[in-house]
Amino acid sequence: LGLDPSRSSVVCYLRPLRGDHIHYAVSIQVHGKLVDTFWDADFLGAPFSSEGKRYPVNFANLTEGMHDYHIAQTKPHFGIHSGHAFWFGDGFVHEHPGTSWGWFHATEGMGATLSAYLEQVGVAFHEGSSARYPIGQMHVPGAMLNGTAMTFPDTNGGQPTMVGGEYDCAAIQENGVKGQNRGDGRIPLRSFENVQHSPMELSESDILIASNATHTWRAYYYSYWNQTKPTEILEEGINDIWLKENLGLITLSFEPRELPEDSSSFPRPPACMIDVLSDKRRRDGLPPTPHQQSSFYTLGFDSLPYPMPNGDSEPYRENKPEWLQSVLSNLEAIRKTML
């Protein structure tokens, strides 16, 4: 938002913009079980050299060393992605439109959508109302035109895509392997595939989980990390969720169609993932989490704190509604100067 004295008008830009850098914590659940965090999709060609030896030679054996780059993926880089082993890959959406291809502005403003992020990690959400075929997906399965479905790669980081167990809280605190769950009860995600698809529709390696008479996909969107109740619960328009806020949460859940009448607990990302997103250690007066990516400290394209309570020079504000009210008051003051 800014003033243009030459036209006596208010100029409004929709964020995030090039120069902004914000994050969300994201999780996917199937029948209440946590799916492993998805990393950026593998590359098809030789990537450019970048910031040092960060990309594993062999995901299945991380002791084989690193390549001389840290970004490698099949798709054009959208400036909205996840990461991988030894390079984040911790369950966060990393939004920084300025690192996308020079001509590419589609993930700025309202183009910063959940579908753009999912496409970067090789996952797709299919809706009957959506005509978009994500790269690598040949067609939306015909049976899904009147419903919703998600497709997943059958491998993730060189290992079978798994569901169950617990998020590896210890690993996220270190500069080590992140994203893979740990513990008992882990089974292949393919065990939950409920629709057979033809090679003309999807790759044989895709895992398809579709809404049906008893279960459906829902998105639980929290505009800020400390909210216990979702801002929105969506069954439609999930692809178009606008990732415009900083330190928000999203959970995609395949669950019974009937919502409990008096639900006091809603699906959210794992607690320790949220703690890292909001840098709980620093809020508790301890040294910040190593390599934490909350963007609590990150300034926007205008060298000011992103319009969320994340400015390093500002007191850490727990109460987002009060902060937003102060922003609205400032906007009202600007409006009066224009009259």
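The values are calculated or read from the model by the stated rules, or taken from the named source; none is laboratory data. Computed from a predicted model, the values in this text were never measured in an experiment. Using ideal geometry, Cβ is built from the backbone for each residue, glycine included, and neighbour counts are taken over all protein chains shown. Each accessible area value is taken on the protein alone, full model and side chains, heavy atoms only, with ligands, DNA and RNA left out. Shrake-Rupley method; radii C 1.70, N 1.55, O 1.52, S 1.80 Å.
Overview of results
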{"quantity": "Strands (runs of 3 or more DSSP E) fully within region 209-275 counting 3 or more residues that are of a type outside the set (Phe, Trp, Tyr) and open to solvent by 20 Å² or more (accessible area, probe 1.4 Å)", "calculated": "232-234"}
{"quantity": "Members of region 187-208 that are polar (S, T, N, Q) and assigned to a loop (DSSP other than H, G, I, E, B)", "calculated": "194, 196, 198, 203, 205"}
{"quantity": "Those residues of region 160-172 which are open to solvent by 40 Å² or more (accessible area, probe 1.4 Å) and either at pLDDT 85 or above or in contact with a His (Cβ under 9 Å, 6 or more places away or on another chain) (or both), in sequence order", "calculated": "160, 166"}
{"quantity": "So residue 179, is it open to solvent by 40 Å² or more (accessible area, probe 1.4 Å), closer than 24 Å to residue 83 by Cβ and at pLDDT below 85", "calculated": "no"}
{"quantity": "Number of positions in region 98-121 that are modelled with pLDDT of 85 or more and either under 24 Å from residue 12 (Cα atoms) or part of a loop (DSSP other than H, G, I, E, B) (or both)", "calculated": "10"}
{"quantity": "Residue within region 136-158 that is of a type in the set (Ser, Thr, Tyr), at pLDDT 80 or above, surrounded by 19 or more Cβ atoms within 10 Å (Cβ to Cβ) and part of a loop (DSSP other than H, G, I, E, B) present", "calculated": "no"}
{"quantity": "Filter result for the condition that a residue is of a type in the set (Asp, Glu) and closer than 25 Å to residue 168 by Cβ, over 255, 245, 261, 232", "calculated": "255"}
